[in-house]
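To start, the structure under review is shown below, and the notes come after it.
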Amino acid sequence: MTVAFYSCHTYEQPFLDAANHSHNHQLTFFSQPLTPDTVALAAGQQAICVFVNDPLTRPILQALVGLRIRLIALRCAGYNQVDIPAAHELGIRILRVPAYSPHAVAEHAVALLLALNRKTYLAYQRTKENNFTLDGLMGFDLCGKRVGVVGTGKIGAAFARIMLGFGCHVLAYDNIHSAVLQEIGVTYLPLNEVLANADVLSLHCPLLPDTHHLINASALAAMKPGAYLINTSRGALLDTPAVLRALETGQLGALGVDVYEGEDDFFYADWSDKPLPDANLNALTHLPNVLVTAHQGFFTREAMEQIARVTINNLTCLEQHQIPINEATVVV
Ligand code: NAI
């Protein structure tokens, strides 16, 4: 099958080519994101493959149908960027990669937390200039602290296990209580109790209508003063202006984010030579107690191999209707 890949960076292509070895699809890689202006690049292809920030809105889906393209593979797990009712109506089939190394994202959340707590990013800059002072670099022992985990699915569970290994008390909030996690020491509590008690709060739930701006002004006010907040899930879980205000007042001690509401306009592109036309993102990147990474939680060798393998297999399933599809991959 001929497939146009959008938002496809050079670091992804070797993984996709290797996974395609025994499938023989014809892959065309575009570095451009999928937009109303770039959708025409897919003319003549039988399918497209997109990434986390390529919006599959109704107008874009309609444009694809105009090009006779009704098969889409997502190279990611989340599908909040898909207009599912529109895809249904238009007879479009969409598959995703339901899981790829939850450890990659969980370990990145831990990396953000450790860097913020022990100020390794500040120390790195200082020692590069032969400044070997310690002023302002003091952190705290994670051992014995209470760590709140919102969403204990694959990634949240991996994060909770790491935190238990650090000697933390893990307080979790999820509608589904994992017996396995409870057995190893995780305590499930209502959200307000997790917020009130956690020294560190890490978000691992999906972006859904009921989790949009889950961490808003009132949630922040309910948190333990000075708590650290980590978000590797989706940007819109945070009400960013409210978070900025909480950072200003000290209600929030530090913030580590791998995701940002509105990241589609900026992440995966180089903005270093021009002003950033987003005051909130600009504020976040310049605060000393905030660490922003550009949606790289998934970015490990193991996860890239898994994403490529499942994506190419999904394309083969879409092409050959007789192959049974893993239900977990089906978006529409
Ligand atoms: P999962 O589906 O295994 O787990 C999600 C958990 O959240 C489930 O246990 C579910 O019951 C829970 N949940 C749903 N609504 C909730 C709510 N209102 N409050 C609390 N918990 C709720 O998903 P997985 O694989 O663990 O991924 C979690 C999220 O991580 C994804 O939705 C995605 O947004 C994000 N992600 C980020 C990546 C990155 O590179 N930074 C890469 C992959 C995923």
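Each Lys and Arg adds +1 at its Cβ and each Asp and Glu adds -1 at its Cβ; summed about the Cα centre, the chain shows a dipole of about 360 debye. Sequence-ordered 3J(HN,Hα) estimates for segment 244-258 from the Karplus curve with 6.51, -1.76 and 1.60 and θ = phi - 60° stand at 4, 5, 5, 5, 4, 7, x, 4, 9, x, 6, 9, x, 10, 9 Hz, glycine and proline given as x.
Placing a label point 7 Å from the Cα of residue 164 along the Cα-to-Cβ direction, the residues of segment 84-112 whose backbone N falls under 18 Å from that point are 102-104, 106-107, 110.
Which FRET efficiency, nearest 0.05, do residue 273 and residue 130 yield, Cβ-Cβ r, R0 30 Å?
Calculated value: 0.60.
Distance between the 7 Å Cα→Cβ label points at residue 191 and residue 323: 3.9 nm.
Our coupling estimate for segment 146-156, obtained by passing each phi through the Karplus curve with A = 6.51, B = -1.76, C = 1.60 and θ = phi - 60°, is 9, 10, x, 10, 9, x, 10, x, 4, 6, x Hz, Gly and Pro reported as x. Restriction of the GluC sites (Glu not before Pro) in segment 252-332 to DSSP coil positions whose beta-carbon has at most 13 other beta-carbons within 10 angstrom yields no sites. Each of the peptides 223-230, 287-294 was scored by the mean count of other Cβ atoms within 10 Å over its residues; in descending order, highest first, they stand as 223-230, 287-294. Between residue 89 and residue 249, the simple label model (points 7 Å from Cα in the Cβ direction) yields a spacing of 4.3 nm. Taking chymotrypsin sites (Phe, Trp or Tyr not before Pro) across segment 54-132, the ones in a DSSP loop with at most 11 further Cβ atoms lying within 10 angstrom of their Cβ are 132.
A simple spin-label model places the labels of residue 120 and residue 180 2.7 nm from each other, with each point 7 Å out along Cα-to-Cβ.
Straight-line reach from residue 224: taking Cα to Cα under 17 Å and skipping same-chain neighbours fewer than 8 places apart, the lysines in range are 145.
Computed from the coordinates by the stated procedures, all read-outs in this text should not be read as laboratory data. What you see is a predicted model; the values in this text were computed from it and never measured. Using ideal geometry, Cβ is built from the backbone for each residue, glycine included, and neighbour counts are taken over all protein chains shown.
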